[in-house]
Every structure is written in structure tokens, then in C-alpha cells.
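Everything on this sheet refers to the single structure shown next.
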Amino acid sequence: MDQFVVDLDGDTPPEGAEVVLFGPPEGPLGPQPTAQEWAEACGTINYEIVTRVGGRMVRSYVDSEPGRDR
């Protein structure tokens, strides 16, 4: 089962709002938690954080070069 809970600290975003799990600490969307910060909070390494995201999750890459596959 793929499931996780996010504490929004009382905020109520609209249904369908975009969610960023990890990203750059500074960027156009404001500060984002890094994979390293998630790893430290989970007691693991950052590589395990980025590889645990299952294949059924939709991945979007922001600020990548057009036509470049990742």
C-alpha cells in the first residue's frame, strides 16, 4: 500500500493542489525540504529517500533542460 500523511499545520489547500516532497532549499516555490533533510528525519541516507518513491507516483522535473530525460 502506498500511503503517507502530511501535517499541514492547519492549512487547508484546495483539492488537487500541487505537492512538493523534496526539492531545492531556495527556488521559485520557496524553501523546499531536501532529500538529505528527509533522510536525517527518517534516520537513513538521502539515496534511500529518492529511490523509495514507487513507480505509481507521478514524477515531475522542474528546471530541467528541454528534451533531456532523467
Order of LEU29, LEU21 - criterion: other Cβ atoms within 10 Å of each residue's Cβ, fewest first: LEU29, LEU21
Fewest-first sequence of ARG59, ARG52 by Cβ atoms within 10 Å of each Cβ: ARG59, ARG52
Hydrodynamic radius by Kirkwood, which averages 1/r over all alpha carbon pairs of the stretch 21-62, in angstrom: 11.1
Cut-off under 5 Å, modelled amide H: who pairs with THR34 long-range: GLY23
Cα-projected label distance for ARG56 with ALA41, points at 7 Å along beta-carbon direction, nm: 2.3
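The numbers here are math on the coordinates, done by the rules we state, and not lab data. Computed from a predicted structure; not experimentally measured. Positions of Cβ are generated from backbone atoms using ideal geometry, with glycine treated the same way; all protein chains shown enter the neighbour counts.
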